[in-house]
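Report on the following structure.
Nothing in this text is a laboratory measurement; each read-out follows from the coordinates by a stated rule. Here the structure is a predicted model, which is why all the values come from computation and not from measurement. Here the Cβ positions follow ideal geometry from the backbone for every residue, glycine too, while neighbour counts run over all protein chains shown.
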Amino acid sequence: MTVPVQLKQLRRKFGSTVALDGLDLDIAPGEMVALLGPSGCGKTTALRIIAGFESADGGELLMDGQDVTSVPAHRRDIGMVFQSYSLFPNMTAAENIAYGLRVRGRASAERKERARELLDLVGLPGREGTYPHQLSGGQQQRVALARALAIRPRVLLLDEPLSALDAKVRLNLREEIRRIQLDLGITTVFVTHDQEEALSMADRVAVMKDGRLEQCAAPGELYDRPATPFVAEFVGTMNRLPGTVRDGGVVELFGRRLPIHGATPAAGAEVDVLLRPEGLAVGAADDGSGTPATVRVATFLGPTTRLHLTTDSGAVCKADLPSWEATALAPGARCTITPHDNPVLVAERTVAPSAKE
């Protein structure tokens, strides 16, 4: 099977700044892949190279098995949606959508029919004659998406398409974009700084750091089995808790021995155990089943409540539990904490446990 998009050892520098440092990534047919990472990690540069707006200093970009590294942007059959919509203000919604078809010399009747089809697809039926200033931000982004799809591109690129929208519109539109992408089966790459957006929309999430790929995996695997400490702490919330490596590939944490996922240091090493807030069970103070602790802060998050806890030995951690279970755990309450028996990632000890919030 031909791979729609292949990035092979892509490199790009801007002066002394390394934006991409040998980036490798294959994107399967019909797949939606999110590029996620901190500012300056190279995700936008990678997207712009795929689009043809930037050139690579080294490496190859293949589409459907063909090297397009030197092919100009207008010959790549790419559809792109920008953060700022980038609609023509003097054109109607239909004219904006049909612009790419007009440039390609398509007949007027075909352009009008395609614009009407796509307005129906993105949930704006009957808005052909509406100008951008007459549309909300979310509606403008729907028109921008329709315009990108009008030419029937082989690859759709999304450059932080939802970041300029308010929370409720962003949530609704990301569900719509995912629905449309699945309906059309179009190979899609999108850049985002929003972890929730990446995890909820993408088939796979590619986490980048310093121009390189740290891990590319399905959202569940990325969250539950991060490949590196960076991925573990960048995606979601993570505790760093003091542990000691024991024989047999396990680490001792709060009196319990947990299997280690990933590289295992030598027995006796003092490490930080990386553990999600939901990886800690919280019990009553007198049940004698875990490590004694005190609740410092209880943050209500709807269906769950996040407890900020300090153990009697000074370790600081967070634990998530159903809100109905947390009603008796107000600040100052005594409790016990016990890690669940799931594999954990360990990292080199970096700070004193009591100083890590």
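Would you calculate the separation in nanometres between label points at L301 and T327, each defined as 7 Å from the Cα along the Cα-to-beta-carbon direction?
The two pseudo-label positions are separated by 2.1 nm.
Taking only Cα atoms, what is the 0 to 90° angle, nearest 10, from helix 108-121's long axis to the longest principal axis of the chain?
Its long axis makes an angle of about 20 degrees.
Just to be sure I understand: with springs between alpha-carbon atoms less than 10 Å apart, which residue in L149, L162, L184 has the highest mean-square fluctuation in the Gaussian network model of the chain?
Taking springs between Cα atoms under 10 Å, the residue moving most is L184.
Under 8 Å for C-alpha pairs, at least 6 residues apart: give me the relative contact order for the stretch 1-51, rounded to a whole percent.
This gives 32 percent for the stretch 1-51.
What's the FRET efficiency of N342 with S16 using the Cβ-Cβ distance as r and R₀ = 45 Å, to the nearest 0.05?
Step by step, r from the Cβ atoms, then E = 0.55.
In the stretch 237-355, if the dipole is taken from +1 on Lys/Arg beta carbons and -1 on Asp/Glu beta carbons about the Cα centre, which of P303, F254, G288 is farthest to the positive end?
So the residue furthest toward the plus end is P303.
Output ³J(HN,Hα) for the stretch 5-22: one whole-Hz value per residue in order, computed from phi by the Karplus curve 6.51 cos²θ - 1.76 cosθ + 1.60 with θ = phi - 60°, and x for Gly and Pro.
Running phi through 6.51 cos²θ - 1.76 cosθ + 1.60 with θ = phi - 60° gives 9, 10, 9, 10, 6, 5, 10, 7, 10, 10, x, 8, 8, 8, 8, 10, 10, x Hz.
Using only Cα atoms, tell me the angle between helix 137-150 and the longest principal axis of the chain; keep it within 0 to 90° and round to the nearest 10.
60 degrees
When you have a sec, figure out the Kirkwood radius of the chain from all distinct Cα pair distances and drop it here in Å to one decimal?
Kirkwood hydrodynamic radius for the chain: 23.0 Å.
Could you sort out which of K168/K318; K13/K43; K43/K318; K8/K209 sit more than 22 Å apart by Cα distance in this structure?
From K168/K318; K13/K43; K43/K318; K8/K209, over 22 Å: K168/K318; K43/K318.
Could you give the length gained on full extension between F88 and A285, defined as 0.36 nm per residue of separation minus the Cα-Cα distance, in nm?
64.6 nm
Which residue, D272, D194, D67, has the most motion in a Gaussian network model of the chain that connects Cα atoms within less than 10 Å?
Between D272, D194, D67, it is D67 that shows the largest mean-square fluctuation.
Across the stretch 40-46, in residue order, what do the Karplus-derived ³J(HN,Hα) couplings come to in whole Hz, using 6.51 cos²θ - 1.76 cosθ + 1.60 with θ = phi - 60° and x for Gly and Pro?
x, 7, x, 5, 5, 4, 4
Using alpha carbon centroids, what distance separates the stretch 1-43 and the stretch 138-176, in Å?
21 Å
Provide the packing ranking of 56-65, 276-285, i.e. peptides ordered by the mean count of other C-beta atoms within 10 Å per residue, highest first.
Per-residue mean Cβ counts within 10 Å order the peptides as 276-285, 56-65.
Please report, in debye to the nearest 20, how large the charge dipole of the chain is about its Cα centre when each Lys and Arg carries +1 at its beta carbon and each Asp and Glu carries -1 there.
It comes to approximately 1080 debye.
From the backbone phi of the stretch 94-102, what are the Karplus-calculated ³J(HN,Hα) couplings (6.51 cos²θ - 1.76 cosθ + 1.60, θ = phi - 60°) in whole Hz, Gly and Pro given as x?
Karplus-based 3J(HN,Hα) across the stretch 94-102 equals 5, 5, 4, 4, 7, 4, x, 6, 5 Hz.
Label points 7 Å out from Cα along the Cβ direction at E175 and H74: separation in nm?
4.0 nm
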